[in-house]
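Visitor: Input: one structure, supplied below.
The values are calculated or read from the model by the stated rules, or taken from the named source; none is laboratory data. What you see is a predicted model; the values in this text were computed from it and never measured. Note that each Cβ is placed from the backbone with ideal geometry, even for glycine, and that neighbours are counted across all protein chains shown.
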Amino acid sequence: MLSRYRIPAILLLIGGSVALVFASLAIGAEPISLRQAWADWSAGLSYAESPSLSILIQQRLPRTLAALIAGSGLALAGCAFQALLRNPLATPYTLGVASWGALGAWMATVLQGLGIRFFLFGLPPVETLAFLFAAFDVTIIYLLAVGRARMAPTVLLLAGVTMGMLANSGILLMRYLADPERLVVMDRWLMGGVDVLGFSPVIALAVGVTPCLLILLAQSAKFDQLGFGEELAAGRGVNVRRLQLTTFLVGSLMTAIIVSRVGPIGFVGLIVPHAIRGVVGSRHRLLMPLSLVTGGAFLCFCDIIARRIMPGETPIGIITTMIGGPLFIYLLVRRRLTDWR
């Protein structure tokens with residue numbers, strides 16, 4: 001049963017998330033009126049006749065949806081990894097997925113500088129190799145998980161950190177080999193951004209991320225059992241090995257899809273689950289859906305700041321780090337991360 005003191009906080013959390021989504025649609029370099037855009041749409045005006053409707057549909061809506069999907073995926077993956085590894089520092093990037101995705105993007109940049117161009121399923125070279133390299137990292141982790149050694153989750157965590165370090169060394173090599181004119185573009189990509197153009201990236205994100213979200217949400221009751229220990233969870237009918245493999249593969253694949261589209265965006269999967277846990281506790285059947293909702297709203301909030309904090313647009317990865325870093329230090333100082341068994 002939920003404490004009667006937590007219900008208002010949950011309702012406030014959901015209401016605030018919805019408000020941030022609408023704020024993301026209304027706030028930008030050019031303020032618009034959602035009421036006026038709705039009136040113009042109801043009147044059947046074209047984009048050329050209604051600037052507000054044109055900005056809302058062609059620019060604000062795609063990037064808001066991209067922020068919602070990416071933030072929800074990263075937050076839910078972080079929540080799942082923290083539950084599985086029983087480690088408060090676990091994130092969607094724990095297994096090196098983001099680093100390998102970034103390495104793939106840099107590799108594409110170098111190849112394009114040599115005049116080599118290629119496409120996969122209509123994706124441009126940067127997104128193609130970002131996804132393929134991230135998928136390669138997922139494959140390696142999978143083989144380590146199901147091989148003869150059958151590594152424990154904590155050992156897989158260390159293996160993922162090592163894979164990430166290898167990828168980072170490769171990124172340094174690609175930076176050394178890249179055309180200097182392309183360094184600025186790729187450095188900008190590494191900072192992350194949801195400034196997508198059109199609905200094609202949004203559709204690709206939705207098609208890839210939504211099934212992963214549903215699969216992870218379906219494991220929430222099992223994560224509650226796993227919190228009492230692997231042996232007790234197995235005694236209650238949880239296939240712990242299958243749960244581990246499902247979480248590692250689905251969470252990493254979802255992260256790979258997100259990274260290939262919006263670049264590596266840090267701290268969402270680390271901070272959001274901890275913040276929500278402080279409100280609703282550690283019951284994953286409630287924690288995971290709320291992390292999903294709040295993660296999307298949090299990235300929308302960061303995107304609003306990214307549009308307004310400086311002339312032009314600040315990369316959203318900088319904003320999430322500026323907010324997430326101090327917040328995580330606050331959690332450490334307040335000893336909010338010690339309640340892990």
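Visitor: Kindly check whether there is at least one residue in segment 276-299 that is aliphatic (A, V, I, L, M), in a loop (DSSP other than H, G, I, E, B), farther than 14 Å from LEU13 by Cβ and under 14 Å from the mean Cα position of the chain (by Cα).
Guide: no
Visitor: For ALA19, all conditions in the list (1) touching a residue at least 24 places away in the same chain (Cβ under 8 Å); (2) under 30 Å from PRO315 (Cβ atoms); (3) of a type in the set (Gly, Ala, Ser) hold save one; what is the number of the exception?
Guide: Going through the list (1) touching a residue at least 24 places away in the same chain (Cβ under 8 Å); (2) under 30 Å from PRO315 (Cβ atoms); (3) of a type in the set (Gly, Ala, Ser), ALA19 breaks only (1).
Rundown of residues vs (1) without any contact (Cβ under 8 Å) to a residue 24 or more places away in the chain; (2) β-branched (Val, Ile, Thr); (3) over 30 Å from VAL161 (Cβ atoms), yes/no style:
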| site | (1), (2), (3) |
| --- | --- |
| ILE27 | no, yes, yes |
| TRP38 | yes, no, yes |
| SER52 | yes, no, yes |
| GLY73 | no, no, no |
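Visitor: To continue, here is another question. If you take the residues in segment 24-58 that are among the β-branched types (Val, Ile, Thr) and outside any helix (DSSP H, G or I), which one is nearest to PHE301 (Cα to Cα)?
Guide: That would be ILE27.
Visitor: While we're looking at this one, here's another question. Pick out, from segment 199-273, the helices (runs of 4 or more DSSP H) lying fully within it that include 1 or more residues that are aliphatic (A, V, I, L, M), surrounded by fewer than 20 Cβ atoms within 10 Å (Cβ to Cβ) and at pLDDT 90 or above.
Guide: 200-217, 220-226
Visitor: Inspect segment 37-47 for any residue being on the phi < 0 side of the Ramachandran plot, more than 18 Å from the chain's Cα centre (by Cα) and crowded, with 24+ Cβ neighbours inside 10 Å and give the result as yes or no.
Guide: The answer is no, given that none of the residues of segment 37-47 is on the phi < 0 side of the Ramachandran plot, more than 18 Å from the chain's Cα centre (by Cα) and crowded, with 24+ Cβ neighbours inside 10 Å.
Visitor: Please go through segment 277-320 and give me each residue that is polar (S, T, N, Q) and either over 24 Å from PRO264 (Cβ atoms) or free of Cβ contacts under 8 Å to residues at least 24 places away in the same chain (or both), ordered by number.
Guide: The answer is SER282, THR314.
Visitor: Which residue pairs have Cβ atoms under 8 Å apart, sit 6 or more places apart or on different chains, and have a first residue in segment 154-175 that is touching a residue at least 40 places away in the same chain (Cβ under 8 Å) and a second that is of a type in the set (Ser, Thr, Tyr) and not in a helix (DSSP H, G or I)?
Guide: Note: pairs meeting the criteria are LEU157/THR94; GLY160/THR94; VAL161/THR94; GLY164/TYR93.
Visitor: Assess whether ILE7 counts as being without any contact (Cβ under 8 Å) to a residue 60 or more places away in the chain, assigned to a helix (DSSP H, G or I) and under 30 Å from VAL279 (Cα atoms).
Guide: So ILE7 fits the description; yes.
Visitor: Also, quick follow-up: Of all residues being at pLDDT below 80, assigned to a helix (DSSP H, G or I) and β-branched (Val, Ile, Thr) in segment 85-119, which is nearest to GLY324 (Cα to Cα)? Just the residue, please.
Guide: Per the criteria, the residue is THR109.
Visitor: Something else about it: Can you name the residue in segment 157-179 that is surrounded by fewer than 13 Cβ atoms within 10 Å (Cβ to Cβ) and modelled with pLDDT of 85 or more and, of all such residues, is nearest to THR247 (Cα to Cα)?
Guide: Filtering first and then ranking leaves THR162.
Visitor: Turning to a different aspect of this structure: Can you tell me which residue in segment 180-198 is modelled with the highest pLDDT, limited to those that are more than 23 Å from SER24 (Cβ to Cβ) and acidic (Asp, Glu)?
Guide: That would be ASP187.
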